[in-house]
Structures are given as C-alpha cells and as structure tokens.
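The values are calculated or read from the model by the stated rules, or taken from the named source; none is laboratory data. None of the values given here were measured: they were computed from a predicted structure. Note: ideal-geometry Cβ built from the backbone for every residue, glycine included; neighbour counts use all protein chains shown. We work out accessible area using only protein heavy atoms, side chains counted, and drop any ligands, DNA or RNA first. Shrake-Rupley method; radii C 1.70, N 1.55, O 1.52, S 1.80 Å.
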Amino acid sequence: MATVGLMRIAARNLRKNLRRTLITAAAIAGGLSLLIWSDNLQSGSYQALIQTGVSMMAGHVVVQAEGYQADPDMHLLVNDEDTVSKAVHTVVPDARVASRVLVQGLLQSPRNTSGVALVGIEPEAESTVSDWHTKLVDGSEWLDPADNKGVLLGAKLAESLEVEVGDKVVLMVQGKDEVVNRLFRVRGLIRTGTDDIDGFMGLTTLEAAQAALEQPDSATMVTVHVDNPDDVPQVQAAVAGAMADRPVEVLPWQQALPEMYEFIQLDRQSGRMMFFVIAIIVSMGVLNTVLMSVMERVREFGVMLALGTRPGQVFRVILFEGVLLGFFATGLGLAIGLAATWPGHVDGIDFAAMMGEQVEVAGVPMNALIYPQFNWPGTIGSCLLAWLMTVLSTLWPAWHAARLEPVQAMRQT
Amino acid sequence: MAEPIVQVRNLVRTYQQGQIEVQALRGVDLDIQAGEFTALMGPSGSGKTTLLNQIGALDTPTSGSVRIDGQELVGMNKVARSSLRLNRIGFVFQAYNLIPVLTAFENAEFVLMMRGVSEAERKERVMRTLAAVGLSGMEHRLPGELSGGQQQRVAVARAIVGEPALVLADEPTANLDSKTGNDLLDLMRKLNEDQGVTFVFATHDPKVMDAAKRVVTLVDGNIAKDLIK
C-alpha cells in the first residue's frame, strides 16, 4: 500500500516538471530510436549480404567433397552430382538445388591472357537461386543449357582480354590427366561492381566445366537454397542424414563462407559497442537530470523522512521515477524507431550516392538499395537496455536522497 | 502517576561549527505527561528546536536519554526511529512542509498510507480530520492553491490524522498572520481538550505561551523555568 503512495509521488513529480521530463524522455527516446533504426538497417544490409553472398558464392547449405573446405582443390569433387542433387531434393523437397563446378585456369584471347575462375552452372536452376542473370551487361544473353561453348565473362576480365560479346576465347586448364584446351564464345558480360568478380570470373554450363576438368557427372558443390534462413540447421541435418554414406561434407553457409560470416559477426560487435557508447552518454544525461531533480527536492525528502518514511522508501520514490520515465521514454523511442524504419523497409534506402550503384562487402557484391528489416530480438534488447540504463541512472541520486538526515534536509531552501 | 509520554534525562547535544563546539543542550531533564499542552520557549539559540528534534527522534543526542512512550531512542537504528516517528509522533513545522505534488487530502493521507491503513479507513479518517481542521471542500487542492493558514491546517491534519501519542510543533504560527495564528491555536487547543492529543510547541509566539497549560523556558541549553498553569 505504501508502494502505491510512493509511486503516486514519483508520477506527480515527473508530471510537475513536465518540460524537464519531456526533454529527458526525448533524449532517451532519440538515442533508442536511433539504435533501433540503425540496428534494423544493419539487419537489412546483413540479410541482403547473406542473400547475395549465399546465392552467388555458396548456398544456405552446401554439399562438397570431404576435405574441400580445408583444401579447395578444384579436382576434389562430389561424384554423381545428379544423384546427390536428387537425394537432396527428396529430403528437402521445398528447397532449390543447383550444382556448380569451379574451374581455375588461364583464358586466352587473340590479344591477351588472364587467369580465370570459371564457374560451371545449370543455367535454369541457377537463375532460381542466384542473381547472376540480373548482372548481365546490355547486349548479353543468359547461358543456354545446351550451349556448351558459351561463356559469360566478368566485364573487367573481358576488358583485360580485349574481347567483346561474340569473340572467341580459349580456356587452358589442368584436367584430370592432362592439360585441356577448350574453345568458348563470349555470349555476354557480367558486371557486379566487385573487382574480384568482374576481373576474374566467368560462367559457363555445368557440362562444359565438367568437360574441362575431364570429370563428367561431378560438381564442386551441390548448393541448397531455402526461403527461410532460420531453417538452415534443420535442412543441414536432413541433407547430412541423406549423405551419410557418401564421402562429402555438408556445411551451413556460415562454414562455407567463413569470411563473410566473420565480417557480419565483427560488424555486429562494433554495432553493439556503438550501442553501449550511446547508452552510456544518454545515461549520463539522465543521471544529471535526476540528480538535479533530487537536489531541488532535498527539503521534500527531508519532510518525508521526518514523517516516518523509511530511507529505503525514499530510495524507491526516485527509483520509481526512473522506472516510469524509462517506460515512457522507451515507448516513445520504440514508436519513433519503428516509424523511422517503416518507409525504408517498404521502399528501401538508396545508398548509391554514398557508395555507388554496387558495393563490395567482404568480397560479396551488394546492391546499394538496402531494405531495413525489423530485427525484433535486437529491438526488444535495445528497449530493455534503454529502460534498464534509465533506471540504473537513478540509483546514485536515490541513494543520495535516502541517506539524507531529515533535520539538515529540511533546512535546505 | 502514569509513565510520562516523554522522558528526557541529562540530555546533552553538542554541535561542531567549524573549529567551535556549540553546546545546544547542556543536560536537560524533562517529563511530559499524556494530554499536556506544553510550550518550550526561550530566545533564539536557547535549544528549543534542538530539544524538539531530540524528542521527535529526528536527531541523536551526544549523551543522555530520551524515552518516548517508554521506548529509548538512544541507540535506536534509523529504520526503528522512522517507524517510531511514523506511528507515535505527529509533526507540524514552521514552514508547513507539505509535499508539493500531493493534494490536501493526499498530504493528510500520506502517514496513513505509509502505515498501510486500508483505503476505506484512510478516506474516512482523512475526511473527518480535514473537516475538524476546517478544510472540508478543499481536499483536492494542491498546497500551492492554499493560503498559508490553510496549508498549516493541512499540516496539523497530517500530524493528528494518525492519532499519534504526541504532536510536536515547531513555531507553528510563525509564518501566519495574527488572526490565522489564533484560529490555528484554537484548533490545536480544541484537539487537545476534546481528543486528548498531547502537544509540545517550540515557540516565540506570546499567544502560544498564553494558550499553553505549561511553559518550559530554556536558556543556553538548560531549563531555566518550568511553569505549570
């Protein structure tokens, strides 16, 4: 019952100094909304990065020859890729599956020679799992599954080879037994905005790549793509179960693309550091305001103590002020943060002016149009922390008030 | 004779003011019986307020003994002293000292609320007490919306609503005009006579001294005269 009375005093004090309360709440809400918005933006960019990276460089889950991740030798292949692919389909029927063969060799044009990472793909399946087909430069055409002489080259690679669409190039590669030379015709150019890709990569059909390695029916990786990335652990387990009797490794994207995963983890950590810095700055502001408010009311607390209010109860009055202020400011910050996220979530935020049309993050091409995503665990965590920091900021002023001696306190004007 | 409600023995209170030691009380002995209407008078610095603070468990003595309703205050911890003040003593201060964010009703209700009295009982007792001090109809006003006299009446209501063993009033009429001061004094005398509330005042006000049934005069921290009318 006394608690109700103490809360009433706390609430009235906040209302009495409405302007100060609103300014303090606005500072907390401003910091919190900025955190929520930037966290959602970060989540959106990670999702885009994961989506692009996973789809173009690996899969949500990949099946590779045993030991390939540790030593990516291009002759270390998954045999019977078609059977493996079908087996994967059987255990995860909703997933999209595409096989790829990676060939590293030299590409020669009549005028120049360059190293190349040629990826053999299934053109139809690939266009359902990745964005390669959207990266074609004008005048290019997507690969025809039946065209085993067709190749798509990175725009910069084509530049260094001084070739255009329609020109011929020769791939020289170490096959299974001997050096293989294969003639290709350039069907198109690819531009992702990533130098490593545009200057070094090419795409051809799966069969052409298998032929270059003299390893028919094999694949460097069978990639599995799911709609919901949260399903990855279950999908990985199901695929691993189906592959138990084969000499393969079944990896989630986090292990297949460790650099990208570590980049995201590191970036998240730096985001959290920023989060704590903002939280501490805001807390200092709250502490200052609450302490000032306590100093102004020393006489009032002295009266309360004189009337028989216990020191702990005076402590609680100020703590309640922090609790109530925290609820109000957190609610306000949450509303502003979500409202600020919404337009970008729907229409995207275009960072092209700052970063160019395409940017490279951790070796992955990323679109400059980023769609912030509602990261609810992060948002709830931010709200809890903002509320907690507000309450914690009141502890010292509360302790100060609780230690007052009534006679001295009542002498203060 | 019943045990005194206030029993002070050889009470000494010394303050340190910079390098100087000030002896505010120099071995005071005083008994106050239940139902008394006692004024502590004396010039400024004579120790009236210091003595009142000792009796009210608001301060700790340098030496000596203070017993309220049989309970020894010396050696009592902070929480026990708070509890004693809450349950046994009412206070009226010179500057009213109402809680500014609470209405007249809520200020008077505060002590009962801290004691954990039920809402229905609180309401009944507060309304009755506010009526007794002449503040019916002003329950919902904040202290800032009341005159000085009305604020002091709220303070009196707050002091007596919990039916304490003792009400201590430090210069209760000092900030009031003559008529308002007289009205308040009449009110407290009536409460003393009708309800048997024990009042102890620290005062300079001749009207309070006239109204008091006992006047204790303090000079330089000692009781110089104890006059029972």
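Would you work out if segment A:177-256 is rounded, prolate or oblate? Take a ≥ b ≥ c from the square roots of the eigenvalues of the alpha-carbon gyration tensor; rounded if a/c is under 1.5, else prolate when a/b is larger than b/c, oblate otherwise. Oblate.
What is the antiparallel percent of DSSP beta bridges lying wholly in segment A:117-276, to the nearest 5?
Roughly 50 percent of the DSSP beta bridges within segment A:117-276 come out antiparallel.
At a probe radius of 1.4 angstrom, the accessible area of segment B:6-228 per residue rounds to 40 square angstrom.
Mean residue ellipticity at 222 nm from the helices of the protein assembly as shown, using -39,500 (n - 2.57) per DSSP H segment of n ≥ 4 over the full residue count, to the nearest 500 deg cm²/dmol?
-15500 deg cm²/dmol
Which one, A:L153, B:A132, A:L171, projects farthest toward the positive side of the charge dipole computed for the protein assembly as shown from Cβ point charges (K/R +1, D/E -1)? Of the candidates, B:A132 comes out farthest on the positive side.
Take every Cα pair under 8 Å whose residues are at least 6 apart in sequence, average their separation, divide by the length of chain A, and the relative contact order is 27 percent. Taking every alpha-carbon pair under 8 Å whose residues sit at least 6 apart, segment A:62-252 reaches a relative contact order of 34 percent. Legend: residues A:S114, B:S136, sorted from most to least accessible area (1.4 Å probe; ligands, DNA and RNA excluded), read B:S136, A:S114.
Within the listed set B:E21, B:E121, B:E106, the Gaussian network model of chain B (springs between alpha-carbon atoms below 10 Å) gives the highest mean-square fluctuation for B:E21.
Taking θ as phi - 60° and the Karplus parameters 6.51, -1.76 and 1.60, the scalar couplings of segment B:52-66 work out to 4, 5, 5, 5, x, 6, 8, 9, 10, x, 6, 7, x, 9, 10 Hz in sequence order, x denoting glycine and proline. Quick one: among A:R316, A:R246, A:R111, which has the greatest mean-square fluctuation in a GNM of chain A with alpha-carbon springs under 10 angstrom? Per the Cα network of chain A with a 10 Å cutoff, A:R111 tops the list. Taking every DSSP beta bridge that has both ends in chain B, the antiparallel portion is near 60%. Quick one: go through segment B:121-155 and flag any residue whose amide nitrogen is under 20 Å from the point 7 Å out along the Cα-to-Cβ line of A:V4. Correct set: B:121-130, B:139-141. Comparing A:A25, A:G115, A:A58 along the charge dipole axis of segment A:5-155, the residue lying farthest to the positive side is A:A25, per the Cβ-charge model. Per-residue mean of foreign Cβ neighbours for A:12-19 is 2 (Cβ atoms of other chains, 10 Å radius). Across A:M201, A:M172, A:M354, mean-square fluctuation computed from a Gaussian network of chain A (C-alpha pairs under 10 Å connected) peaks at A:M354. When +1 charges are put on Lys and Arg Cβ atoms and -1 charges on Asp and Glu Cβ atoms, the dipole computed for the protein assembly as shown relative to its Cα centre reaches about 5100 debye. Counting only protein heavy atoms and a probe of 1.4 Å, the accessible surface of segment B:43-157 is 50% carbon and sulfur.
At 1.4 Å probe size, with the rest of the protein present, what percent of the exposed accessible area of segment A:62-252 is carbon and sulfur atoms?
Roughly 47 percent of what the probe reaches on segment A:62-252 is carbon or sulfur.
Pairs to check: A:K135/A:K176; A:K149/A:K176; B:K48/B:K179; B:K48/B:K78; B:K179/B:K213. Give those whose C-alpha atoms are more than 30 Å from each other in this structure. Table pairs above 30 Å Cα-Cα are A:K135/A:K176.
A simple rule links phi to the HN-Hα coupling: the Karplus curve 6.51 cos²θ - 1.76 cosθ + 1.60 with θ = phi - 60°, which for segment B:84-89 gives 4, 4, 5, 9, 10, 10 Hz, with x for Gly and Pro. The alpha carbon convex hull volume per residue for the protein assembly as shown rounds to 225 Å³.
If both residues of a DSSP beta bridge must be in the protein assembly as shown, then about 70% of such bridges are antiparallel. For chain B, the residue among B:S63, B:M113, B:A157 whose Cα projects farthest onto the positive side of the dipole built from Cβ charges is B:S63. The A-B contact accounts for roughly 2400 square angstrom of buried accessible surface, both chains included, probe 1.4 angstrom. Computed from backbone phi with θ = phi - 60° and the Karplus coefficients 6.51, -1.76 and 1.60, the 3J(HN,Hα) list for segment B:158-171 is 4, 6, 9, 4, x, 6, x, 5, 8, 10, 9, 10, 9, 6 Hz; x is used for glycine and proline. Each 10 Å bin from zero holds the following percent of Cα-Cα pairs in chain B: 8, 33, 36, 19, 3, 0.
In plain terms, the C-alpha convex hull of segment B:171-223 casts an average shadow of 3.9 nm² when viewed from every direction. For chain A, complete DSSP H runs whose alpha carbons reach 30 Å or more along their own long axis and whose mean Kyte-Doolittle score is 0.5 or higher are A:18-57, A:258-296, A:311-347. Computed about its Cα centre, the charge dipole of segment A:62-252 is approximately 460 debye, with only Lys, Arg, Asp and Glu carrying charge at their Cβ. Charge tally for A:S293 (other residues, Cβ to Cβ under 14 Å; Lys, Arg +1; Asp, Glu -1): +4.
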